[in-house]
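Right, one structure below, let's go through it.
The values are calculated or read from the model by the stated rules, or taken from the named source; none is laboratory data. Computed from a predicted structure; not experimentally measured. All Cβ positions, even for glycine, are placed from backbone atoms using ideal geometry, and neighbour counts span all protein chains on display.
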Amino acid sequence: MSASRRTFLKVSAAAGGAFMLRATLPGAARAEASAEPLTAFVRIAPDGVVTILSKNPEVGQGIRTMLPMVIAEELDVAWSQVRIEQAPLDEAKFGRQYAGGSQATPMNYDPLRRVGAAGRQMLVTAAAATWMVPAAECRTESGVVYHDKTGRKLGYGALASKASKLPVPNLSGVTLKDPKTFKIIGQPIHGVENPKIVTGQKLFGIDTVVPGMLHAVFQKCPVFGGKVVSANVDAIKKLPGIHDAFIVRGQRGPDQQSLADGVAILAKSWWIANRVREKLDIVWDEGPTAAQSTKGFAEQAVALSQAAPASWLRRDGDAPGALKDAAHVVEAAYSYPFLSHIDLEPQNCTAHFQNGKVELWAPTQNPGPGQKLVAATLGIPESDVTVNMTRIGGGFGRRLRNDFMAEAAAISKQAGVPVKLLWNRADDMRHDFYRPAGFHFLKGGLDDKGSLVALSDHFVTFGQGSKLADAALMEVTEFPAALVPNLAFGQSVMELGVPTGPLRAPRSNALAFVFQSFIDELAHQGGRDPVEFRLAILGEPKVLPGGNGRGFDTGRMSGVLRKVAEVSDWANRGSLPARTAKGVAFYFSHLGYFAEVVQTTVSAKGEIKLDHVWVVGDVGSQIINPSGAENQVQGAALDGLGAALGQGITIERGRVIEANFDTVRPLRTDQVPPVEVHFLTTDHPPTGLGEPALPPVIPALCNAIFAATGKRIRGLPIDTDLLKV
């Protein structure tokens with residue numbers, strides 16, 4: 001790769017002799033090809049302190065620590081010398097700035113290593129010129145350049161100004177460190193903001209305060225898509241402590257994240273505004289979604305399953321014929337509910353509209369589209385929308401949608417003052433972009449040796465107009481596609497007015513439950529060990545076509561499956577007490593290979609005790625930050641267990657019934673089991689960890705429950721009444 005529009009470095013002297021390295025990485029100048037450009041900035045002050053700008057939002061995934069570690073490693077500076085700053089939103093300069101899809105590592109690892117290595121090369125060149133020695137005779141260590149032959153050394157701070165005037169190296173030609181010499185990458189490093197978090201310093205969107213701001217609440221129709229007919233805003237404005245109240249006319253279109261109709265209340269304190277909301281008297285036009293319900297969807301799905309699928313996603317061999325001839329046939333119906341993201345920090349945004357421009361402080365995972373949405377909502381140029389990214393108190397995909405930003409901006413414009421919009425917990429749960437529900441009607445055929453010879457699935461999902469609902473699809477490569485000689489995936493679609501969207505490990509968090517549970521059913525029906533049965537399906541190592549630009553490697557999956565069987569002592573599970581058992585599952589998502597074993601004890605009263613979870617993952621050749629990696633895997637597993645045990649969203653008359661953590665329950669502290677994490681190091685590029693550890697834990701738990709009780713879980717959340725003796 002040559003230095004060109006595709007890859008270049010710009011160096012300039014900053015005030016005080018500081019050194020600024022800007023790297024525009026491959027793809028940055030060719031947005032027209034739908035590439036996602038990346039940029040990284042490094043500043044070196046005269047005192048040797050290195051400031052690295054973090055371009056992406058921090059949502060708890062550790063990105064503000066992990067990516068600067070990559071640059072700092074190749075720059076060869078001591079971590080104690082590094083300072084991290086949040087970059088402003090500027091996608092023309094920084095490229096795509098977002099947090100989602102576990103993409104940060106695969107997109108950034110090699111490019112940012114080269115950024116750091118280029119900076120190191122320039123500093124070495126500056127030192128060599130100062131000493132008039134060959135650059136090859138110089139070495140670096142912890143922010144210092146050494147010339148061992150003469151015993152001389154210069155700190156990066158002393159070289160910064162001179163280095164800034166040097167020619168730019170070609171990123172493709174810089175020398176990268178041997179990973180065996182890493183001092184930062186591979187070391188457990190705590191989050192750079194942890195001290196601020198534990199001491200209660202203001203980092204999150206909910207902490208934002210700007211001069212002269214008022215607090216706002218926004219009451220939307222309980223039925224999705226409903227509109228305001230009338231509201232008693234004049235009476236509300238007369239109440240003590242209320243600054244203003246007014247109807248906001250929405251612009252909600254097919255994407256369902258643009259501005260909705262509602263009533264805004266502004267007060268000096270959020271508490272007053274939220275309490276006064278109880279006195280609102282609004283007449284709503286609820287619209288067609290008021291006819292939809294969870295019960296109605298389930299009935300419609302069963303009716304659709306009785307007929308042929310509306311379309312076929314995939315057909316290999318002759319599934320109907322093979323099922324007819326199979327020695328054993330297993331038939332089962334699985335379902336899963338809508339899920340809310342239940343972020344700990346409710347949606348919020350502070351906005352100040354003045355002089356035709358707006359500035360926002362937002363905990364958004366996707367600030368670029370948020371900027372566009374706000375501009376469209378207000379009818380102003382995107383250049384007149386400034387977005388300040390705050391730390392995010394939980395996102396899990398919810399904050400990839402920016403409806404709360406549009407609301408805050410519109411309210412500020414109409415009120416003529418800066419406003420801080422904060423949703424309450426009921427707002428957050430009842431106006432989400434939900435993980436879509438789904439229904440699967442499966443048949444599996446085994447031969448007389450218990451081997452899988454046929455499988456069919458009639459998937460009943462949701463659509464909005466002519467499109468599938470967001471996150472409601474199933475890929476044609478869904479396991480065990482291409483590994484069963486006779487396979488048929490069919491699909492039928494129900495109309496949905498409820499907004500949906502990605503939730504941690506989108507699609508995979510539901511499909512893993514279905515297919516890994518049904519595979520377990522087939523293993524038991526065929527008298528096969530569930531681990532051995534899965535290994536037999538995976539077969540000899542091969543790479544099958546898959547999404548995300550990389551195929552499904554059956555060898556890598558077999559590796560994590562064998563390892564989790566080893567670390568969990570799977571072979572001796574028969575010695576466990578009565579109603580205590582282990583279950584196993586695996587899944588490939590977001591380029592990560594994970595196999596998990598859950599041990600659970602189920603009491604005679606149906607109470608589920610989570611005893612232990614073993615997780616083995618293969619995310620490539622390098623774990624950048626073991627501390628963050630373990631945190632992400634443990635959090636994902638616990639997220640999945642919480643969803644399986646106590647979470648589901650119920651739709652009645654087009655509205656969500658659940659409103660708080662008493663009915664949609666995150667995992668409680670006294671439920672949390674030990675989660676033991678292991679990684680296999682393989683010769684593949686490093687990949688992300690925010691999502692792929694979640695999907696297997698749900699079927700592993702359900703399979704453990706079956707092994708303990710003989711009762712199969714085919715619907716979520718788990719109904720413990722079914723487990724009573």
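Values computed for the structure shown
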read-out: Hits in region 642-659 (condition: touching a residue at least 12 places away in the same chain (Cβ under 8 Å) and either part of a loop (DSSP other than H, G, I, E, B) or outside the structural domain of Gly497 (by TED's automatic domain parsing) (or both)); value: Gln647, Gly648, Thr650, Arg653, Gly654, Glu658, Ala659
read-out: Residue count, region 411-433 (criterion: touching a helix residue (DSSP H, G or I) at 6+ places or on another chain (Cβ under 6 Å) and among the β-branched types (Val, Ile, Thr)); value: 1
read-out: Residue in region 492-502 that is under 22 Å from Ser451 (Cβ atoms) and either touching a helix residue (DSSP H, G or I) at 6+ places or on another chain (Cβ under 6 Å) or touching a residue at least 12 places away in the same chain (Cβ under 8 Å) (or both) present; value: no
read-out: Matching residues, region 275-332, being farther than 15 Å from Leu442 by Cα, surrounded by 15 or more Cβ atoms within 10 Å (Cβ to Cβ) and in contact with a helix residue (DSSP H, G or I) (Cβ under 7 Å, 6 or more places away or on another chain); value: Val276, Leu280
read-out: Sole residue being among the hydroxyl-bearing types (Ser, Thr, Tyr), modelled with pLDDT under 90 and buried (at least 19 other Cβ atoms within 10 Å of the Cβ), chosen from Thr39, Thr105; value: Thr39
read-out: Candidates Asp403, Asp447 - the one that is out of contact with any Asp or Glu (no Cβ under 6 Å at 6 or more places or on another chain) and more than 30 Å from Asn486 (Cβ to Cβ); value: Asp403
read-out: Filter pass, Val210 being β-branched (Val, Ile, Thr) and modelled with pLDDT under 95; value: no
read-out: Of all residues in region 431-463 being of a type outside the set (A, V, I, L, M, F, W, C) and touching a Lys or Arg at 6+ places or on another chain (Cβ under 7 Å), the one that is nearest to Ile272 (Cα to Cα); value: His431
read-out: Boolean, Glu58 is at pLDDT 95 or above and under 21 Å from the mean Cα position of the chain (by Cα); value: yes
read-out: The listed residue being acidic (Asp, Glu), without any contact (Cβ under 8 Å) to a residue 60 or more places away in the chain and either surrounded by fewer than 19 Cβ atoms within 10 Å (Cβ to Cβ) or part of a helix (DSSP H, G or I) (or both), out of Asp639, Asp662; value: Asp662
read-out: Exclusive hit being surrounded by 17 or more Cβ atoms within 10 Å (Cβ to Cβ) and in contact (Cβ under 8 Å) with a residue 12 or more places away in the chain, set Val174, Val229, Val209; value: Val174
read-out: Condition broken by Gln464, with the remaining ones in (1) in contact with a strand residue (DSSP E or B) (Cβ under 8 Å, 6 or more places away or on another chain); (2) more than 21 Å from Gly296 (Cβ to Cβ) satisfied; value: (2)
read-out: Candidates Gly100, Gly116, filtered to the one that is touching a helix residue (DSSP H, G or I) at 6+ places or on another chain (Cβ under 6 Å), part of a helix (DSSP H, G or I) and either hydrophobic (A, V, I, L, M, F, W, C) or modelled with pLDDT of 90 or more (or both); value: Gly116
read-out: Answer from Arg556, Arg504, Arg550, Arg579 - the residue that is crowded, with 23+ Cβ neighbours inside 10 Å, among the charged types (D, E, K, R) and in the same structural domain as Ala629 (by TED's automatic domain parsing); value: Arg504
read-out: Arg139 part of a strand (DSSP E or B) and either within 30 Å of Thr650 (Cα to Cα) or touching a strand residue (DSSP E or B) at 6+ places or on another chain (Cβ under 7 Å) (or both); value: yes
